[in-house]
Structures are given as C-alpha cells and as structure tokens.
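Enquirer: Mind looking over this structure? Questions follow.
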Amino acid sequence: ANQRTLSIIKPDAVAKNAIGEITARFEKAGLQVVAAKMLKLDDDKAGGFYAEHKERPFFKDLVGFMTSGPVVVQVLEGDDAVAKNRDLMGATNPKEAAPGTIRADFAETIDANAVHGSDSPESAEREIAYFFTADEICPRG
Ligand code: CMP
C-alpha cells in the first residue's frame, strides 16, 4: 500500500557529501521525496526525536552525534515505503549491514550510521509530524 516514512541523512553522510547518492537510492527504488529540509538539530530537538531511547546507555552519544553537524530530513512516499527504506538502509550496525545497502556503503559505526528511517507506519506518522507541518508536504499526485 502507499505509505510515507521519515528519513534522516545523518551528519556523517552529509559531511561525506553523500546527500545526492543516498537520495538517488531512494528514488531509484521507487520512493518519491515529498518533503525535504536541511537542519542543524539542537539537544532538545534531537533528544525529543529519540525520546524512546532516553534511558538507553547510548542516548547521550546519539544526541551528541546528531547535533554535530547538519542533517537532511525527508519524507519518502511510495508502495510499502517503511519496509522499502529499511531494506535500502540495511542493519543499524553497519558491520552487520548487507552489501549494497546504504549503511554498508556509507556508514562507519553504529552511531555514525549514515541514515535513520522510521521502523513502523505508526512511528513514521509521529516522526513526520515531529519535523514537518502538513503544508510542507507536497504529494506528487
Ligand atoms: P537510528 O535508526 O537513528 O535509531 C537510534 C540510533 O541509535 C540508531 O540509529 C544508532 O545510530 C544509535 N545507536 C547507538 N547504539 C545503539 C545500539 N546499541 N542499539 C541501537 N541503536 C544504537
């Protein structure tokens, strides 16, 4: 079914000048970019986004990394977009990511892992609303 998912191109991938190559993978897989912006997150914005991980030991490092440089936040739309994006990204830990996935090709460590993607349609709805107002999303029709 047609779905939307939230993608974040993280500071490591932006620093590598890989915004275009990563976005091309989404587009080649049939996902459409229906919203996009570049942001420098602060502690509150990054911490709020990852609120579900607040008690995890890696939370502080995660927020530190996500605020270390600009990110590109996108809404991707297409058939089965949540799962399709997760397939394109590969495993969270780049050392476990399948060859040819974004994390295998662009990521170095579990923190600097190039991209984030929503893990379910419910998360996608919350995460999209966290970064975008309705009028910032531009369905292609
Ligand atoms: P992301 O999909 O953005 O969601 C949470 C992030 O926490 C994850 O990618 C990783 O970059 C980071 N992280 C760091 N350590 C861990 C861990 N042990 N398990 C899961 N995520 C981790």
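Laboratory data are not the source of any read-out in this text; all were calculated from the coordinates shown. Quick caveat, the model's predicted, so the values are computed rather than measured. Because the Cβ atoms are built from the backbone with ideal geometry, glycine has one as well, and the counts that use them run over all protein chains shown.
Enquirer: If we count every other residue with Cβ under 15 angstrom of residue 26's Cβ, Lys/Arg +1 and Asp/Glu -1, where does the sum land?
Expert: Taking every Cβ under 15 Å from that of residue 26, the sum is +1.
Enquirer: Test of the criteria: in region 9-117, which GluC sites (Glu not before Pro) are in a DSSP loop and have at most 14 other Cβ atoms within 10 angstrom of their Cβ?
Expert: Here the sparse-neighbourhood loop sites are 55, 108.
Enquirer: Moving on. Per the Debye formula with a single identical scatterer at each Cα and no solvent contribution, what log10 I(q)/I(0) holds for the chain at q = 0.09, 0.15, 0.20 Å⁻¹?
Expert: -0.24, -0.69, -1.30
Enquirer: When only Cα pairs under 8 Å and 6 or more residues apart are kept, what is the percent relative contact order across region 20-141?
Expert: That works out to 27 percent.
Enquirer: Right, here's the next one. Counting only pairs 8 or more residues apart or on different chains, how many lysine pairs in region 12-141 have their Cα atoms under 18 Å apart?
Expert: 7
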